[in-house]
Amino acid sequence: MTMTAGPAVTPESSSWATWLASRVPIDLEALRHFSNEPVPNHLKYWWWCLGGTPALLFGVQAVTGILLTVYYIPDAGSAYESVDRLTTVIPFGWFIRSIHRWASHLMIAAVILHVMRVFFTGAYRAPRELNWMLGVLLLAVTLGFGFTGYSLVWEQLSYWGVTVAANLTDAVPVVGGVMGRMLRGGESVGSNTLTRLFILHIGVMPTLLTLLLAGHILLIRLHGVTEFEFESPDKAPDEAARTYPFFPHHAMTEVIIGVGLAFALTCLAVIFPAELAEKANPLETPAHIKPEWYFFWTFRWLKLTSLTFAVLSIGFAGFLALIWPYIDERLRRRNTASEASVYVGAVAVVVLLVLTIWEAMASS
Ligand code: HEM
């Protein structure tokens, strides 16, 4: 019996491209066509293509996070000391840590701005409801990244922040007790909690974010980005005038944004390097427990209401955000010109801003 040994090797087929094409038989032309989508002209402006910014910052987080993991020790007895060593002894440790911290703030701010752009331009409407839902999950995972990362430092404030979060988890009806114990890894916040937060931060969340992002970008590619509405189809310019190619034009916009971000991150890291406050002390509750700025609103809400009501109302608001495209569709079915979404969005922004500023002023 003889077996075919693949295409004959000729002088022309010896280039690396031919070698790769025969080992990984992908239709490169089809791939080029699929990835080089025409992009609407308005994406030349940063406000419209804000989604690329958190994607770039996620790349920064992955690289700096892997470097930090080399020295970080996820144990309650050594975590704080390992961060201290990273900051003061390891060459450039302070820089990598500061970039990681600043990129986390910028990534969360960019995701919030991106949500606002998508919401206020109605870009979540049919057929993009599913992508909005993936987006809400992306937002939750991005905030989860911030929470778990902040906790790993094991400072007084991060330790007590975890304690408050565990108490909030306990307040979830029916399953709260079990979930709270799962988060703590026992009855109290300690080494087991830190191991869980570490696994969430470096394993579960990066995997989830990567999968959600892949789905998000695939759907964007399949639907295309929302275009401006024209009074009538015959008034719309043809595709060549309405759009420009992704490669190299839009890719170049993202490269320029990337260079700007690298410059901003370097300046922030050098001028305001990440600091290290007091080590966690489970026996001494600080006078003011303060989370990171993006959770200020939850803290203020917690202080204004009760633990159970805060958990239920925040959970309900998250659920409404998830199914918002369908609520909006109902409203518009009754009145096609309804811009109720703009009022709802404006009220949500004002409420969140007031709660955030109130908490910032109270805890400063
Ligand atoms: C890590 C977080 C995220 C990344 C990297 C990301 C990335 C992107 C990118 C690159 C686009 C293409 C257009 C643009 O740049 O604006 C986009 C569009 C979109 N995103 Fe996101 N996104 C994220 C989070 C979210 C969130 C939290 C939501 C909503 C809750 C969301 C909903 C949408 C929708 C509906 C579109 C389509 C917009 C249109 O067709 O004009 N995304 N996203």
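The values are calculated or read from the model by the stated rules, or taken from the named source; none is laboratory data. This is a predicted model, so every value here is computed, not measured. As a convention, Cβ positions derive from the backbone with ideal geometry for all residues, glycine included, and neighbour counts pool all protein chains shown.
Numbers at a glance
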{"quantity": "Qualifying positions in region 1-30 - modelled with pLDDT under 85, surrounded by 10 or more Cβ atoms within 10 Å (Cβ to Cβ) and within 30 Å of residue 215 (Cα to Cα)", "calculated": "28"}
{"quantity": "Residue ID - surrounded by the most Cβ atoms within 10 Å (Cβ to Cβ), chosen from residues in region 188-214 that are within 16 Å of the ligand (Cβ to nearest atom) and touching a residue at least 12 places away in the same chain (Cβ under 8 Å)", "calculated": "201"}
{"quantity": "Residue tally, condition in a helix (DSSP H, G or I) and touching a Ser or Thr at 6+ places or on another chain (Cβ under 7 Å), over region 150-190", "calculated": "11"}
{"quantity": "Tabulated pairs, region 249-274, first among the hydrophobic types (A, V, I, L, M, F, W, C), second at pLDDT below 95 and outside any helix (DSSP H, G or I), C-beta under 7 angstrom, 6+ apart or interchain", "calculated": "257/46"}
{"quantity": "Checking residue 129 against (1) touching a residue at least 60 places away in the same chain (Cβ under 8 Å); (2) closer than 17 Å to residue 54 by Cβ, the condition it does not meet", "calculated": "(2)"}
{"quantity": "Check on residue 280, touching a residue at least 40 places away in the same chain (Cβ under 8 Å) and touching a strand residue (DSSP E or B) at 6+ places or on another chain (Cβ under 8 Å)", "calculated": "yes"}
{"quantity": "Residue within region 353-362 that is of a type in the set (D, E, K, R) and under 22 Å from residue 165 (Cα atoms) present", "calculated": "yes"}
{"quantity": "Output for region 333-343, where each listed residue is assigned to a helix (DSSP H, G or I), free of Cβ contacts under 8 Å to residues at least 40 places away in the same chain and touching a helix residue (DSSP H, G or I) at 6+ places or on another chain (Cβ under 8 Å)", "calculated": "340"}
{"quantity": "Among (1) surrounded by 14 or more Cβ atoms within 10 Å (Cβ to Cβ); (2) assigned to a helix (DSSP H, G or I); (3) away from the ligand (no atom under 16 Å from the Cβ), the one test that residue 217 misses", "calculated": "(3)"}
{"quantity": "Test set (1) closer than 25 Å to residue 361 by Cα; (2) away from the ligand (no atom under 16 Å from the Cβ); (3) touching a Gly at 6+ places or on another chain (Cβ under 8 Å); (4) not polar (S, T, N, Q) - residue 286 fails condition number", "calculated": "(3)"}
{"quantity": "Options 65, 77, 146, 135: the member that is among the small types (Gly, Ala, Ser) and either under 22 Å from residue 256 (Cβ atoms) or surrounded by fewer than 19 Cβ atoms within 10 Å (Cβ to Cβ) (or both)", "calculated": "77"}
{"quantity": "Residues (β-branched (Val, Ile, Thr) and either more than 6 Å from the ligand (Cβ to nearest atom) or more than 18 Å from residue 320 (Cβ to Cβ) (or both)) located in region 92-140", "calculated": "96, 99, 108, 111, 112, 121"}
